[in-house]
Amino acid sequence: MKSPWRVILLWALPALVIGFFLWQGAFASAGLPGGSNTAATRMSYGRFLDYLNSDRIESVDLYEGGRTAIVQATDPELDNRLQRLRVDLPASDPELITRLRESNIDFDSHPVQNEGAIWGLLGNLIFPLLLIVGLFFLFRRSNNVAGGPGQAMNFGKSKARFQMEAQTGVMFEDVAGIEEAKEELQEVVTFLKKPERFTAVGARIPKGVLLVGQPGTGKTLLAKAIAGEAGVPFFSISGSEFVEMFVGVGASRVRDLFKKAKENAPCIVFIDEIDAVGRQRGAGIGGGNDEREQTLNQLLTEMDGFEGNTGIIIIAATNRPDVLDLALLRPGRFDRQITVDAPDIKGRLEILEVHARDKKLSEEISLDAIARRTPGFTGADLANLLNEAAILTARRRKEAITMAEINDAVDRVVAGMEGTPLVDGKSKRLIAYHELGHAIVGTLLKHHDPVQKVTLVPRGQARGLTWFTPSEDQTLISKAQIEARITGALGGRAAEDVIFGDAEVTTGAGNDLQQVTGMARQMVTRFGMSELGPLSLEGQSSEVFLGRDLMTRSEYSDEIASRVDAQVKAIVEGCYNNAKQIIRDQRTVLDRLADLLIDKETIDGEEFRRIVSEYADVPEKEQERLSI
Ligand code: ADP
Ligand code: ZN
């Protein structure tokens, strides 16, 4: 969409300036023809008269109506050699002609070079002319499109960043595990395909659908599937593309997008991350953002500007519907909200089936087992998981993906790339005790998830890891479970403290402590699980900078705030003491396990429990499995 005119003009202007000066230079000497003449040495008029008197002039050529002459003369100082000299004559002198004739000197008069003069004139005119034409074009175009004063160039049009796919090639069968969302959107396909069915009975076709869900749950995929099923083009742009440095650019992009969409109706317009533009106006710290507000206003105007049956349906995606400007959610705009959740175990199985279609899996693989191992994974995570497994399979030169590759891929997706283990030494020993601290506390607490494996092989940021088999997606978590998680997370630091002493504890527990504090605070302020009683003291989010949250913050007094802090501290301290007690009690088995772990680098959950059970009672875990 680059405007060729603008490019040409921008390049042409400097070229013209340079060209102009070169040209001027050329014509400055154009009065005298035949370049070589101009090279003649200059002679004064007086000298010329002397020469004339002494008969040393051979010929005279008059130029410029007799104002300049090129003279051929012999020079006594140079063995009477013939010389070409240039003389500026005073105002044309009729006597001179007579004298030349008398002296029998060959003379000639050359006419004024009209041609040259015309070119010279043109040369003088053409530059300002082109400049004016150029400026005219620039201004005309910028006024037309970019609108807004002070906008010299047309940024909006040239950088339109939306994509158009005539055919997405995605169908509903490619989207799995989010059945409710699919069903709701099925209707949108019918709107696009058979609008008359709705308009005949006077129904207004919705213009906007808002898909709400965390990243990777398949919102883009769903929108593409609608376009694919209805066989209409798919326009997409990300909300962040609208937000630019220059005021008015975003608005002009919105205009462009809708212009193109109208030309191609019926179609789907997909706006990803709409919260980037659609955030509440005038909210947040530091006041509003002019550019964003203009863009949002333009979006609202465009949405109001077409009637429901033009066949354009706008689908927007966000994971922060709470910060959106209310004007966006009004009837006639994004009045349908559809939640796209992370899939449950059944959904994960279906998504795995979709992505396994084009992969070679060995017989032993049970997609069901993978689905079970991956609570919290989104569709994108699962797609990524199978792809990683396929890459590992190719790297290991196997025929088909086996469970070993799947397991490695899960670890990789969850915790990042595997690193090289530390060499034996004090810090390896400390990490071993830290991880075993997590593992043993987790194993001995009834409400904690069971240990899957403990490893000293670093991955991502972590230098050692304890994996727990997550219990199936639970929507309800009990107080005992949260306390067990906090205690387990403190197990690492507790082990460092008990075994190496207070002065030796390391920064390795930083991440654990962050999680611990977060969980404890939520127990107090959101779930009413402390002595403060069943109070909800905080909204979902504590990000002050985003939109509306500013207003929901600090609903409680300073006095309550300090009591919250005291409660959080009490919870964490209680759990920490508990963890330290477990470590002290199990010192013998811990020492044995530490040697084993440093030696083997990984201990799996079964073996771990077997060893621990020789020294202590390992409680049966009650795993509430949801029936599928
Ligand atoms: P979002 O827009 O919600 O961030 P995407 O639609 O971009 O997520 O998902 C990224 C990729 O993850 C998709 O291209 C697809 O391969 C996979 N994926 C996500 N959700 C699903 C799903 N429900 N079914 C099948 N594949 C999915
Ligand atoms: Zn830890």
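The values are calculated or read from the model by the stated rules, or taken from the named source; none is laboratory data. Just so we're clear, the structure is a prediction, and the values are computed from it rather than from any experiment. Here Cβ is always computed from backbone atoms with ideal geometry, including for glycine, and neighbour counts include all displayed protein chains. Heavy atoms of the whole protein, side chains included, go into the accessibility calculation; ligands, DNA and RNA do not. Shrake-Rupley method; radii C 1.70, N 1.55, O 1.52, S 1.80 Å.
Structural remarks
- Selection status of Thr506, of a type in the set (Ser, Thr, Tyr) and more than 39 Å from the chain's Cα centre (by Cα): no
- Criterion applied to Asp358, Asp325, Asp341 was being in contact with a Lys or Arg (Cβ under 7 Å, 6 or more places away or on another chain) and either within 12 Å of ligand 1 (Cβ to nearest atom) or of a type outside the set (A, V, I, L, M, F, W, C) (or both), and the one residue passing it is Asp325.
- Against the list (1) within 22 Å of Val175 (Cβ to Cβ); (2) part of a loop (DSSP other than H, G, I, E, B); (3) open to solvent by 40 Å² or more (accessible area, probe 1.4 Å), the condition Ala203 fails is (1).
- Hey, Gly347 touching a residue at least 24 places away in the same chain (Cβ under 8 Å), away from ligand 2 (no atom under 16 Å from the Cβ) and not in a helix (DSSP H, G or I) or not: no
- Failed criterion for Leu490 (all others in (1) within 15 Å of ligand 2 (Cβ to nearest atom); (2) within 25 Å of Phe377 (Cβ to Cβ); (3) not acidic (Asp, Glu) hold): (2)
- A single member of Leu422, Leu436 is more than 16 Å from ligand 1 (Cβ to nearest atom), part of a loop (DSSP other than H, G, I, E, B) and touching a Leu at 6+ places or on another chain (Cβ under 8 Å), and it is Leu422.
- Residue selected from the range 275-314 under the condition modelled with pLDDT of 85 or more and in contact with a Pro (Cβ under 9 Å, 6 or more places away or on another chain), by the criterion surrounded by the fewest Cβ atoms within 10 Å (Cβ to Cβ): Asp275
- Residue within the range 463-478 that is surrounded by 19 or more Cβ atoms within 10 Å (Cβ to Cβ), away from ligand 2 (no atom under 16 Å from the Cβ), farther than 19 Å from Arg609 by Cβ and not charged (D, E, K, R) present: no
- Selection of the range 236-274 for residues being under 26 Å from Ile205 (Cα atoms), open to solvent by less than 10 Å² (accessible area, probe 1.4 Å) and either among the hydroxyl-bearing types (Ser, Thr, Tyr) or assigned to a loop (DSSP other than H, G, I, E, B) (or both) yields only Ile274.
- Residues of the range 189-214 classified as under 29 Å from the mean Cα position of the chain (by Cα) and either of a type in the set (D, E, K, R) or away from ligand 1 (no atom under 16 Å from the Cβ) (or both), total: 2
- All positions within the range 363-374 that are out of contact with any Leu (no Cβ under 8 Å at 6 or more places or on another chain) and either open to solvent by less than 30 Å² (accessible area, probe 1.4 Å) or within 14 Å of ligand 1 (Cβ to nearest atom) (or both): Ile365
Residue-wise test of (1) within 14 Å of ligand 2 (Cβ to nearest atom); (2) touching a residue at least 12 places away in the same chain (Cβ under 8 Å); (3) over 22 Å from Ile582 (Cβ atoms).
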position: Gly437; (1), (2), (3): yes, yes, no
position: Ile440; (1), (2), (3): yes, yes, no
position: Pro450; (1), (2), (3): no, yes, no
position: Lys453; (1), (2), (3): no, yes, no
position: Gln461; (1), (2), (3): yes, yes, yes
position: Glu504; (1), (2), (3): no, yes, no
position: Ala509; (1), (2), (3): yes, yes, no
position: Leu513; (1), (2), (3): yes, yes, no
position: Val516; (1), (2), (3): yes, yes, no
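- Residue count for the range 148-198, restricted to those that are at pLDDT 80 or above, in a helix (DSSP H, G or I) and either open to solvent by less than 20 Å² (accessible area, probe 1.4 Å) or not aromatic (Phe, Trp, Tyr) (or both): 21
- Inspection of the range 65-77 identifies no residue that is modelled with pLDDT under 55, in contact with a strand residue (DSSP E or B) (Cβ under 8 Å, 6 or more places away or on another chain) and closer than 19 Å to Asp106 by Cα.
- Residue count for the range 343-362 satisfying the condition of being within 19 Å of Val414 (Cβ to Cβ), open to solvent by 30 Å² or more (accessible area, probe 1.4 Å) and touching a helix residue (DSSP H, G or I) at 6+ places or on another chain (Cβ under 8 Å): 2.
- Residues that are of a type in the set (Gly, Ala, Ser) and either over 21 Å from Arg333 (Cα atoms) or part of a helix (DSSP H, G or I) (or both) within the range 206-227 comprise Gly216, Gly218, Ala223, Ala225, Ala227, listed in sequence order.
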